[in-house]
């Protein structure tokens, strides 16, 4: 009996060791694997691009291993590990890549190409419950008393910063002064019931029914509809162009550069389009049906006015004016404090 | 005596009231939600997900899921191994020896259980990450990476389950005293023989109990691992991280399947622990 | 079969080792050294790094973070919820322990196992378990997501075993003589309970409650899916740390973390003192 127990224990230990040998987090030393670190929402699109990439000569046998989460946090993780085992990053905000440039992990000229470092784009939209029971048409409706807004939190999420800028530029497009714009933002913030950690968690909160209006990326709304969620979305007359940067790390495997080229190629962008992103550059997307879009045949209506980050002087100017880091309170943070204080 | 028995066995309305209250409370808080998980594992609420045992097994055979469980087992295995060796040594030292600072150490040993998992993760990052940790740069220069790789995840797991073995062994060691050990050594047994022949047999059940507890805790660690792990499929995604990722990524059925396995593991641990406890209780 | 997976401690079980007869030999000295090095690498140095990061900005930065209205609201909510849960547990936990020890009915042993489930379950699974019944697709039509009720329920779930498991063994050991005497003097059952039994349970209830309180203050995993992270409403300390970390504010994260650490240390030291007192008395 005693021997049996010992034998069983030994067998169990050996079994465990065998399993241990098979898996390790450091993993994937083989140069056919592209280790991607990205912001919360483009997983489905990147997986689709990877499938297409694996069918090309350059990408033959390539495998994509992606980590997704709140953009700022993902960037911190890459920074914290000095880019070990990371080949390619796909963030929501330029600043998240800039941090890696400053740390010497990404080349200085990462945004000097024709695409300026941008690999995917979308616009800010308003998602509502199926059938739009509240009759939301525009950003102006978000100040209404019966509206409960869900958005990501700019403290951690890149998506959230795009949302705030969409609201701000809407106010400006209506001819409001700066202080009127502040009042408008404060009112909308006062209606926010959930500040989620990332764009995806905001969608998650909306699905769980904690609010009735979600400010999000157009592609995220389309993806949710592709996955059978009961929601509709509105592309308002005014919106903001969301541009997400992607970059290859300095000491990445060679295949990562091929991957980035493929992502930016027409073929790669078409995969993004199928998952609801707007194409970067001149890509002919006629003939692609985008499931889940309001009109699958004409998925991306052009808003009457569309502001871009360049219109506001670029990210470094915007961050300096709006979003404080390390506890510093700038324009957004003050409005947020004023609106959420109870 | 008869009176007390009467008091204790007398079933008044209050007895029944309390009994049904307790049953109801535990049912609503634990049993009913658990049964709902089982139900959703085999009959997912998602519109186009297949139900049944076959679909459940298929979800578990997905390579990313098997990888996640493999990694969870790896981390748990090393953490438990480290904690067992360390726990045995420290317990013996604390009970059998007298040295300065012994009392402080015995209090500090309990600390890891009460520290929030997020704080554990943060602490490891602040100490060992290559980018911002105290020792990160030094470790990196000799090629050691802790945060964002398996060693960091093992450390996070070991941290949170550190005191479990020690807490089980110490009371038993104290109880058995040192007489037989002293006798053995006076008869010429060396330290190792004394340990093997005298100490180990008397603490084996407590040790086994502590190991099972550590294992259960290690398999389920989430918060600390979430912060130190790279968190990608096939790269640092453990079973618990997988549950969160799948749940928030339109794949609730996989999340429930993985959760069900962990529930089973937890219940199994409880059953094993019950059986280990028995022989000890009899003595 | 008492005290299965529950974190033990408490006066009922842990006595701090009183030190043995042996002097450190060379071998055991080396062993102690290795043990201490590992303990430092794993626990002490990282925790010191947290304190260091919190102190790096000076006192004003530390205080500034904690008194920031949003952070302060998160801390207050955490403490209030933890206190509420602790009070509920102190009462219900004692009742549960009472029923498990003094009552007898079919299925009691099963109930005894059920008590330990919340502690054995991974925290993220605990969150999922509660969400499946009280979440968005709730079959009972009760959605706790992003509400304080949800946080309360999650904390109640994960801290269930603490008081039960510390009170149970004490209740088993209570001597019958005192009860007998009280009963023979004509005390009602309630009076007997209040005057005779309860006082001897107090140390155990206190110990279990403190452990539960420490756990509730630091709880993270089970709240991730349930709390909506809304500032001033459902954001708790551990989630606030994560948000600071995600927002790249390590000093802020460390400041809140130090506060949680302090609570943990106070509870541990308090329990140590309590258990010594009980040991001396009894």
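The values are calculated or read from the model by the stated rules, or taken from the named source; none is laboratory data. Values in this document were obtained by computation on a predicted structure and should not be read as measured data. Backbone-built Cβ (ideal geometry, glycine too); neighbour counts: all protein chains shown.
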Whichever residue in the stretch B:67-119 is part of a helix (DSSP H, G or I) and in contact with a strand residue (DSSP E or B) (Cβ under 8 Å, 6 or more places away or on another chain) and, among such residues, is surrounded by the fewest Cβ atoms within 10 Å (Cβ to Cβ): B:96
Residue match in the stretch C:204-213 (condition: under 20 Å from residue C:75 (Cα atoms) and either at the interface with another protein chain (Cβ under 9 Å from one of its Cβ atoms) or free of Cβ contacts under 8 Å to residues at least 40 places away in the same chain (or both)): yes
In the stretch B:28-42, the residues that are under 28 Å from residue C:94 (Cα atoms), surrounded by 15 or more Cβ atoms within 10 Å (Cβ to Cβ) and over 23 Å from the mean Cα position of the chain (by Cα): B:32, B:36
Tally of residues being within 27 Å of the chain's Cα centre (by Cα) and facing another protein chain (nearest Cβ under 7 Å) across the stretch B:116-132: 11
Strands (runs of 3 or more DSSP E) contained entirely in the stretch A:114-221, each with at least 1 residues that are within 23 Å of the chain's Cα centre (by Cα), within 14 Å of chain C (Cβ to nearest Cβ) and surrounded by fewer than 21 Cβ atoms within 10 Å (Cβ to Cβ): A:118-129, A:192-196
Looking only at the stretch C:49-69, and only at residues there that are at the interface with chain B (Cβ under 10 Å from one of its Cβ atoms) and buried (at least 16 other Cβ atoms within 10 Å of the Cβ), the one that is farthest from residue B:123 (Cα to Cα): C:54
Every residue from the stretch B:43-66 that is part of a helix (DSSP H, G or I), over 27 Å from the mean Cα position of the chain (by Cα) and surrounded by 16 or more Cβ atoms within 10 Å (Cβ to Cβ): B:55
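Please pick out the residue among A:235, A:302, A:283, A:318 that is farther than 30 Å from residue C:58 by Cα and under 20 Å from the mean Cα position of the chain (by Cα).
So the residue among A:235, A:302, A:283, A:318 that is farther than 30 Å from residue C:58 by Cα and under 20 Å from the mean Cα position of the chain (by Cα) is A:235.
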Among (1) without any contact (Cβ under 8 Å) to a residue 60 or more places away in the chain; (2) facing another protein chain (nearest Cβ under 7 Å); (3) surrounded by fewer than 24 Cβ atoms within 10 Å (Cβ to Cβ), the one test that residue C:175 misses: (2)
Residues that are buried (at least 16 other Cβ atoms within 10 Å of the Cβ) and either more than 8 Å from chain B (Cβ to nearest Cβ) or closer than 18 Å to residue C:253 by Cβ (or both), drawn from the stretch C:39-48: C:45, C:46, C:47
Residues located in the stretch A:262-286, provided they are in a loop (DSSP other than H, G, I, E, B) and closer than 22 Å to residue A:248 by Cα: A:265, A:277, A:279, A:280, A:281
Positions within the stretch B:96-110 being at pLDDT 90 or above and facing chain C (nearest Cβ under 7 Å), in sequence order: none
Tally, over the stretch B:231-244, of residues that are on the phi < 0 side of the Ramachandran plot and within 22 Å of the chain's Cα centre (by Cα): 8
Qualifying residue in the stretch C:31-38 (condition: out of contact with any strand residue (DSSP E or B) (no Cβ under 7 Å at 6 or more places or on another chain), touching a residue at least 12 places away in the same chain (Cβ under 8 Å) and crowded, with 18+ Cβ neighbours inside 10 Å): no
Of the criteria (1) at positive phi; (2) in contact (Cβ under 8 Å) with a residue 12 or more places away in the chain; (3) in the same structural domain as residue A:163 (by TED's automatic domain parsing), which one residue A:332 fails: (1)
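Find the helices (runs of 4 or more DSSP H) located wholly in the stretch B:182-283 whose residues include 3 or more that are facing another protein chain (nearest Cβ under 10 Å) and closer than 30 Å to residue B:69 by Cα, and list them.
Once the helices (runs of 4 or more DSSP H) in the stretch B:182-283 are filtered for at least 3 residues that are facing another protein chain (nearest Cβ under 10 Å) and closer than 30 Å to residue B:69 by Cα, what remains is B:200-219, B:223-228, B:239-247, B:252-282.
So that you can scan it fast, the table gives a plain yes or no per residue for (1) closer than 18 Å to residue C:38 by Cα; (2) free of Cβ contacts under 8 Å to residues at least 12 places away in the same chain; (3) in the same structural domain as residue B:266 (by TED's automatic domain parsing):
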| position | (1), (2), (3) |
| --- | --- |
| B:125 | yes, no, yes |
| B:144 | yes, yes, yes |
| B:161 | yes, no, yes |
| B:179 | no, yes, yes |
| B:183 | no, yes, yes |
| B:186 | no, yes, yes |
| B:220 | no, no, yes |
| B:225 | no, no, yes |
| B:230 | no, no, yes |
Count - residues of the stretch A:288-329 that are farther than 14 Å from residue A:218 by Cα, touching a residue at least 24 places away in the same chain (Cβ under 8 Å) and assigned to a loop (DSSP other than H, G, I, E, B): 5
Within the stretch B:96-117, tally of residues that are more than 28 Å from residue C:212 (Cβ to Cβ) and in contact with a helix residue (DSSP H, G or I) (Cβ under 8 Å, 6 or more places away or on another chain): 4
Breaking point among (1) buried (at least 24 other Cβ atoms within 10 Å of the Cβ); (2) part of a helix (DSSP H, G or I); (3) touching a helix residue (DSSP H, G or I) at 6+ places or on another chain (Cβ under 6 Å), for residue C:264: (1)
Whichever residue in the stretch C:140-172 is exposed (fewer than 15 other Cβ atoms within 10 Å of the Cβ) and either in contact with a helix residue (DSSP H, G or I) (Cβ under 6 Å, 6 or more places away or on another chain) or in contact (Cβ under 8 Å) with a residue 12 or more places away in the chain (or both) and, among such residues, is nearest to residue C:228 (Cα to Cα): C:142
Matching option when the condition is modelled with pLDDT under 90 and within 14 Å of chain A (Cβ to nearest Cβ), among B:49, B:68: B:49
Tally, over the stretch B:140-171, of residues that are surrounded by fewer than 19 Cβ atoms within 10 Å (Cβ to Cβ) and assigned to a helix (DSSP H, G or I): 2
